[in-house]
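Below: one structure, written as C-alpha cells.
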Amino acid sequence: MRRQIPLLITFVVGVIMLFEAFIPHPPFDQLNESLSITFDVLAAFAFVLGGGNLAKIHLAKISRSQPGWGYSAVTMAGFFAMLAIGLFKVGGPSGVKHALEAEGSWFQAAYDYCFLPLSATTFSLLAFFVASASYRAFRAKNREATVLLIAALIILLGRTLVGAALTETLPGSLELLFGALLAYLAWEQFRSKRWIPLALIGTVAAFVLARTLYGYLILAGGGDFYLLTVPDLVNWIMVVPQLAGQRAIMIGICLGIISMSLRLILGVERSYLGSDTD
Amino acid sequence: MKLPCALALWFAVLAPVPLLEAQHAPAEAPSPPSGVQALDVPNDSGHAIEIRWKDSPHPGVLSYEVFRSRLPGETDPGAPETPWMSLGTVGPGEESWTFSSAERGIRYSFKVVATTADSSADSKIVTGESRAQWFDREKFWILVIGGTICLFVILFIQLATRGRKLFVRKIAGLEAVDEAVGRATEMGRPVVFVPGIMDMDNVQTLAGLTLLGYVSRTIAEYDARLDVPVSRSLVMTTGREVVKQAYLEAGRPESYNEDMVHYLTDEQFGYVAGVNGMLLRDEPATCLYMGAFFAESLLLAETGNRIGAIQIAGTAMPSQLPFFVAACDYTLMGEELFAASAYLSGDPKQLGSLKGQDVGKLIVMGAILLGSVAATLALWTGSGSLQSVVDFLKLEMFV
Amino acid sequence: MMERLQTIDRRWIFLFIMLAVVIPLAFDLTIDEVATPEVQAIYDRIEELPPGSNVLLPFDYGPESEPELQPMADSYVRHLGRRKQKLFFMCLWPTGQAQTLKTVNQVLGREFPDYSYGRDYVMLGFRPGGQGVIQVVVTDFRTLYQSDVEGTPIDEIPMMRNVKGLKDMDLILNISGGFPGLKEWIQFGGDRTGVPVAGGVTAVQAPLLYPYYPGQLSGIMGGLKAAAEYESLLIDGYSEAYGTDTEQFAAIRRMGPQTLAHLVIILFLVVGNIAYFASRGSSGERLKSLEK
C-alpha cells in the first residue's frame, strides 16, 4: 500500500498534466499554475525539516565537541542570527506589510555586507579553478583532445585583443597556420605510406595555401580579398560546431526526459519512492 | 558615430517638412476605419480578442486608437467616466490590436478611431467575445511526434516484459561505480554523493536519487561509509527513504543512519562552501555528482580532484558538462544520466524504455537529414515545392 | 623539469591568475570592443521600439554573478531610459530585487531624474515558484502580483492599468545567472505569447542558449565581453550624452583583467602542452599516442 498510492497519484497527475499541455480550455489552463504553487507551498513547509536537521546535526557536534565543532558553531551562529533578524525585522519597520529590505533593516545590511561578498568570493573561485582544471585537461593526448585544445586556444584568443590584432596585422596568418598543420599531417601520411588520406589532406592543404598566396597577390595589388580573421573564426566555432554539438546533446536530453518521465508515470521506475514496508 | 549624426540631420532638416505641409493643408476629416472586425484569438483559454481594420487611404492619419466598452461597475482611476475605455494607440499602417485581458464569455463592443492632426473619425461599433478552445491546434505536430515517441517507449517496455532481449551499449562511467565504492572501502574513507542542487520537481534530481539507491546498496554491501549532503529539504526526506530501502535490500538495516543524508542550505554558494569544507576535512575516496548542477559543478569537482578522489559525475545541464569532463574521471552526459538507473537495474522493462528513446532519435535524425537536404536543394534549384517542405518542417512541425 | 611542470602545484597557477587580475585593475587598463551580431541585435531591437513601449525586465540573478551581469542590467536600463520606454521590473530569484534596486538607484536615480515611479517604471518584485511564476503571468500578473514591491495595490499604479499579462509587453529583456532564467523565459514566456525575448547570461551559460538564437531569442549576451560590447555600442550611439567618459561603464573597465587572465590561461595551456610533449620524448612515441 505504501507504494501503490503514490504510484497511483503519479500516474493520474502525470497523465492529466500530459493532456494539460494541449488543452487551453479551463480548468486545464490553470492546472499547471495551481500545481506549481502547491509544490512551492509544500517545499516551503519542508524547510522546517531541513533547518531542523541542520540545527540537530551541528548542535550535537558542538555539544560533543567533535573535531571541527568550531565550524558548526559559526554555522549555528549565522543560522540563528539571520533567522532572528528576518523574523523580527530588526532595524526596519516591523509588521507584515513592510518589506524585509526596507530602509535601515538589519536583514538588508546582512545581505549587503555579509551574504553578497561571501557569495561573490565563492563564485570568483571559479576563475582560479577554471585555470587549474584547463591546465590539466587541455593536453593534446590524442586526436580528439588535440582538436579540443586547438578550438579552446582559438576561442580564448578570440576573447582577447590579441586575437583580433593577430589577423589584423598579419592577414592570412590563420590560413598559413592551418595550411602548415595540414601539411604536417600530410607528411605523416606520406611517411606511413597511406596514399588516399595523403591525397585528400594534401589537396586541402594545397588549396588553402594557394588561396592565401593568391589573396596576398590581390591585396598587394590594392584589391579586396577575404582572409579569415580570429573573431570570425570564433563566431563560426560558436555558431556552427559548438551549436551542432549542443543541439545534439539537448535532443538526447529531451528524449531521455521523455523516456524517464514515462517510466515514472507508468510506475516502471519506482526506486525513488523508497521502502515498501515500514 | 556617422549614423546618429545622419539621424540628427534628418530630424533637424528634413523631418519637419511634411509636418509643415500638413499644417498648411486644408483640414479634412479622415474617412473612418473600414472593415472593422472583432475575432476570437484561437488556441487559448479565452482571454483575447483581436480587433482588425483596414488602413485608411487618407494620408494625414497619424494614429488609430482602439476602444472597448466599459463593463458595468468597472472603474478606471484617474480617467473620466465614459462608456468607452482606451486599449491603446498604434501608428498608421497598423491594422490590428489584440485585447489580451478579455473576460471569457463576455460580449464586448469595440471601435477604432482614426486621428489626424486636427480631427478624428470613429469606425462603426462591432462586438466580439472570447472563447476557450479544447485543443491547441498549434501543438498538433508536437502531439503527433511526442505521441509517437511515447508509443514506441511503451511498445518496447511491453516487448521487453515478454522476454525479448535488448542490447544496451556499455556506459563506462557506470561500470566504474562498483570499483570506486570498492576503493573507498579499502581506504576506509567515505563516499560522498551529491544529488544536484535542484528540488524534487526536477527530473534530474529524480534520476540522481534513483542512482543513489543503487550506489547506497553497493555501499551497504561493502560496508563503506556514505555521506549525502543535500540543498533541498524535500530531497533530504526522499533521499533518506531511498538509502533506507537500499540498506534494507542489502540486508544491513542496522548500518543505516538517518544523518547520512543531511541538509546544508538552499543557497547555492553556501552549499558549495559547505560541501567543499566537508571534502577537504573528510577527504572522501569517491565523489559522485548526479543531478542538476550550475556554477558549483567545477567548484565541487576541482576540490574533489585536489583531494585525489575518484570522481564520477552525471548531469543533463549542457553548460556544466565541460567542467565535469575536465575535472572528473567519468562523466555521464545528458541522456546517460537518465539511462543510468535503467542500465544499473537491468530490469528489462526499464531497458525497453531506452529502446523506445532510440526510435525518437531515428525520427529526429530523419527530420534533420530531410530538412538539410531539402534546404540545400531548394537553395540550389530555387524550387518552390522543396522550399515548402523546408517551411513545413520549420514552421509547422517544429514551431 | 618537464615532468614537474606537468604536475605543477595549482597554487602557482592561482598566483599568476591573481596577478593578471590585479595589475590591470591597478593601472585602469581599458580596451575598445566591437559588437558581435548577437549583441548588436539587442541594441537594434531596443532602438526599433517606439517610445512608450512596455519592456519587462526580469532580473534573475544574485550577487554571485553581479560582476558579469550588473553591467548588462545597467546598460539595458540606460538604453531603455534614453529611448523613454516603460520599464516593468520583476524577479524569479529572491536575490533579484536587491539587484533591481541597485540598477534603479544607480541608473534611473542618477541619470534619469524625470523617470517617475508608477508612470515610467514599476518594481513588481520577487515571487517564489520559478518557471511557475512565468506560466502564471503569461495570462495575468494580478494572480501573483496584487501589489508591487512597496505594497501599493497594482490597480493604483497608472502604468499597470493597461497591462494584464505577458502579452501586453513589447519585449522581454531578461538577465539571468542560472535557473530559472533566460531559457525558461523563452520556453514559458516568449514561446507561449509571441513576445520577443532577448537577454544576457553569464559566459558559462551562453553556449546553452545559442541554439535559441535567432529564432526564439532575438539577441543574446554572454558574459562580461558582451556587456562591454553593449557599453561601447551605447557610447557610440549616444556620444552626445556620454562623450569619452567611461566612468559609469563597468564592463569596459573590467575587461582589462579578463583579457589578461585569458592570456595567462593561454600561456599555461601552451606551457603545459610543451611540457607534455617534451616529457613524452621522441616523435615516434608521440605519433603512437596521436593514433590512439
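The values are calculated or read from the model by the stated rules, or taken from the named source; none is laboratory data. The structure presented is a predicted model; accordingly, all values stated were derived computationally and were not measured. Glycine gets a Cβ as well: all are built from the backbone with ideal geometry, and neighbour counts include every protein chain shown.
A few points about this structure:
- Meets criteria (of a type in the set (D, E, K, R) and more than 30 Å from C:Arg161 (Cβ to Cβ)) for C:Glu66: yes
- Identification of helices (runs of 4 or more DSSP H) wholly contained in segment C:195-250 with 3 or more residues that are in contact (Cβ under 8 Å) with a residue 40 or more places away in the chain and under 26 Å from C:Ser53 (Cβ atoms) yields C:223-237.
- Of the residues making up segment A:225-256, those that are surrounded by 15 or more Cβ atoms within 10 Å (Cβ to Cβ), assigned to a loop (DSSP other than H, G, I, E, B) and not β-branched (Val, Ile, Thr) are A:Phe225, A:Leu227, A:Leu228.
- Identity of the residue in segment C:179-218, touching a Ser or Thr at 6+ places or on another chain (Cβ under 6 Å) and buried (at least 24 other Cβ atoms within 10 Å of the Cβ), that ends up farthest from the other protein chains (Cβ to nearest Cβ): C:Ala198
- Condition met for C:Met221 (over 30 Å from C:Gly189 (Cα atoms) and buried (at least 22 other Cβ atoms within 10 Å of the Cβ)): no
- In segment C:5-62, the residues that are of a type in the set (Gly, Ala, Ser) and under 30 Å from A:Leu118 (Cβ atoms): C:Ala20, C:Ala26, C:Gly62
- Across segment B:214-256, the number of residues qualifying as facing another protein chain (nearest Cβ under 10 Å), under 21 Å from B:Tyr271 (Cβ atoms) and small (Gly, Ala, Ser) comes to 3.
- Conditions (1) outside the structural domain of C:Met169 (by TED's automatic domain parsing); (2) outside any helix (DSSP H, G or I); (3) not small (Gly, Ala, Ser); number of the one not met by C:Phe16: (2)
- Each residue in segment A:231-272 was checked for being facing chain B (nearest Cβ under 7 Å), more than 18 Å from the chain's Cα centre (by Cα) and either modelled with pLDDT under 90 or closer than 18 Å to A:Leu153 by Cβ (or both), and 4 of them qualify.
- Inside segment A:53-98, residues that are in contact with a strand residue (DSSP E or B) (Cβ under 8 Å, 6 or more places away or on another chain) and not in a helix (DSSP H, G or I) make up a count of 0.
- Of the residues making up segment B:50-63, those that are away from every other protein chain (no Cβ under 12 Å) and of a type outside the set (Phe, Trp, Tyr) are B:Ile51, B:Arg52, B:Lys54, B:Asp55, B:Ser56, B:Pro57, B:His58, B:Pro59, B:Gly60, B:Val61, B:Leu62.
- B:Gly352 touching a residue at least 12 places away in the same chain (Cβ under 8 Å), surrounded by 23 or more Cβ atoms within 10 Å (Cβ to Cβ) and within 30 Å of B:Asp136 (Cα to Cα): no
- Of all residues in segment A:3-52 being more than 12 Å from chain C (Cβ to nearest Cβ), out of contact with any Ser or Thr (no Cβ under 7 Å at 6 or more places or on another chain) and not in a helix (DSSP H, G or I), the one that is farthest from B:Val144 (Cα to Cα): A:Arg3
- B:Val177 over 28 Å from the mean Cα position of the chain (by Cα) and in a strand (DSSP E or B): no
- Residue that is under 17 Å from C:Leu57 (Cβ atoms) and either modelled with pLDDT under 80 or in contact with a Ser or Thr (Cβ under 8 Å, 6 or more places away or on another chain) (or both), where the choices are C:Asp148, C:Asp140, C:Asp155, C:Asp170: C:Asp170
- Qualifying residue in segment B:360-383 (condition: touching a residue at least 24 places away in the same chain (Cβ under 8 Å), touching a helix residue (DSSP H, G or I) at 6+ places or on another chain (Cβ under 8 Å), more than 9 Å from chain A (Cβ to nearest Cβ) and over 23 Å from B:Pro229 (Cα atoms)): yes
- A:Leu83 falls short of the stated requirement of being more than 9 Å from chain C (Cβ to nearest Cβ) and either surrounded by 15 or more Cβ atoms within 10 Å (Cβ to Cβ) or touching a Leu at 6+ places or on another chain (Cβ under 7 Å) (or both).
- Taking segment B:241-357 as the region of interest, the helices (runs of 4 or more DSSP H) fully inside it that hold 2 or more residues being touching a Leu at 6+ places or on another chain (Cβ under 6 Å), over 25 Å from C:Ser65 (Cα atoms) and in the same structural domain as B:Tyr222 (by TED's automatic domain parsing) are B:335-345.
- Selected residue (only one of A:Ala109, A:Ala81, A:Ala99, A:Ala133 is over 22 Å from C:Gln97 (Cβ atoms) and either out of contact with any Pro (no Cβ under 8 Å at 6 or more places or on another chain) or modelled with pLDDT of 85 or more (or both)): A:Ala133
- Listed conditions (1) within 30 Å of A:Leu174 (Cβ to Cβ); (2) within 14 Å of chain B (Cβ to nearest Cβ) are all met by A:Ala140, apart from (2).
- The criterion of at least 2 residues that are aromatic (Phe, Trp, Tyr) is met, among helices (runs of 4 or more DSSP H) falling completely within segment A:105-190, by A:106-110, A:116-137.
- Restricting C:Ser176, C:Ser239, C:Ser279 to those that are within 12 Å of another protein chain (Cβ to nearest Cβ), buried (at least 22 other Cβ atoms within 10 Å of the Cβ) and of a type outside the set (A, V, I, L, M, F, W, C) reduces the list to C:Ser176.
- The set of residues from segment B:291-341 being in contact with a strand residue (DSSP E or B) (Cβ under 8 Å, 6 or more places away or on another chain), hydroxyl-bearing (Ser, Thr, Tyr) and surrounded by 24 or more Cβ atoms within 10 Å (Cβ to Cβ) comprises B:Ser297, B:Thr315, B:Thr331.
- Put simply, of A:Gly222, A:Gly179, A:Gly172 the only residue that is surrounded by fewer than 17 Cβ atoms within 10 Å (Cβ to Cβ) and more than 14 Å from chain B (Cβ to nearest Cβ) is A:Gly222.
- Test for A:Leu198: is it more than 13 Å from every other protein chain (Cβ to nearest Cβ), in a helix (DSSP H, G or I) and surrounded by fewer than 15 Cβ atoms within 10 Å (Cβ to Cβ): no
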